[in-house]
Amino acid sequence: MTSQFKSFIESLASPKGAGPSTTFSMFHIFYALELTAKKPIGRNKLAEKLHVGEGAIRTIISRLKDASLIVTSKEGCALTDKGVSVWKNFEDVFPKRVEIGRTALTTSEYNYAFLVKNRGHWVKSGIDQRDAAIMGGAKRAIVIVFKNNRLMIESVSNSIEKEFPEAAKEILTKLEPQDNDVIIIAGADNPLKAKRGAFAASWVLIDNNEKS
C-alpha cells in the first residue's frame, strides 16, 4: 500500500472547505467498501451497518461516488472497476479480518483481529497501535508479530503458543500468518467498536512515507 493510496483514503474522510467536521472516519470508508465489495447494498442497510445517521451516510456515498469508487442503482451501491482496484489495495495489506473468541489472551466481550501483511518491522513497543485502537473505540488491543514461526508480543511473550495455547490455535487457524506479519486484536464491548479499533491500529502500520 503506497503513501499515495493512504493519502487518497484519508482525503475521503477529511472535512471539505470551511464546513463542519465529518462525523465519520477512514474506518467508515473502509467498511463501506468492504460491504459493497461483497454485493450491492442499499443506503439504509449501509447506514445501519456503519452505525451512522442519514446525513453521514449521504456524505459517505457522495464522496465514494465523486471518487468514482461506487455507482448507485435500484439494487443499491456497487463498486466500480476503480472501486474494485482500491478494495484490492486493502485486501493486499489486510487480507484477513475475523472475529476472535474470548480466551485467556483475548479477554473482551468482543474481539476482532486484522492481519497486516509484512509490517512486523514497523512494530516497536506496540504502544502506537494500542493507542490508535483505543482512540478508535476499543477498550484494549494486542499487537502480535509472527516471527521465526512463533507468535510474539513485545515485552510480554516470546511464544504465545506456549503461554496461551487456546488463543494461539484460533489465531493461527483463522489468520494463517507468515513471517513478519502483524496481527492486531482489538477488544471492546460491541462488535463494531472492536472492528473499528483493530482497523485504526492496523492503519497506523501503513506509513505515509512508505514507498510502493
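Flag: Phe8 does not match the condition of being modelled with pLDDT under 95, surrounded by 19 or more Cβ atoms within 10 Å (Cβ to Cβ) and either out of contact with any strand residue (DSSP E or B) (no Cβ under 7 Å at 6 or more places or on another chain) or part of a loop (DSSP other than H, G, I, E, B) (or both). Number of residues in segment 148-200 that are surrounded by fewer than 17 Cβ atoms within 10 Å (Cβ to Cβ), assigned to a helix (DSSP H, G or I) and in contact with a Phe, Trp or Tyr (Cβ under 7 Å, 6 or more places away or on another chain): the value is 1.
Take Ala78 and tell me if it is over 21 Å from Gly137 (Cβ atoms), more than 17 Å from the chain's Cα centre (by Cα) and either surrounded by 13 or more Cβ atoms within 10 Å (Cβ to Cβ) or in the same structural domain as Pro177 (by TED's automatic domain parsing) (or both). Taking the combined requirement at face value, the residue satisfies it. Picking from Arg102, Arg63, Arg58, which residue would you name as being farther than 22 Å from Leu151 by Cβ and free of Cβ contacts under 8 Å to residues at least 40 places away in the same chain? That would be Arg58, the only listed residue that is farther than 22 Å from Leu151 by Cβ and free of Cβ contacts under 8 Å to residues at least 40 places away in the same chain. Of the residues making up segment 140-175, those that are polar (S, T, N, Q), within 20 Å of Arg119 (Cβ to Cβ) and either touching a strand residue (DSSP E or B) at 6+ places or on another chain (Cβ under 9 Å) or without any contact (Cβ under 8 Å) to a residue 12 or more places away in the chain (or both) number 2. Scan segment 129-147 for residues that are within 20 Å of the chain's Cα centre (by Cα) and either surrounded by fewer than 22 Cβ atoms within 10 Å (Cβ to Cβ) or of a type in the set (Gly, Ala, Ser) (or both) and the total you get is 12.
The values are calculated or read from the model by the stated rules, or taken from the named source; none is laboratory data. Every value quoted in this text rests on a predicted model; they were computed, and no experiment measured them. Neighbour counts run over all protein chains shown; Cβ positions are idealised from the backbone, glycine included.
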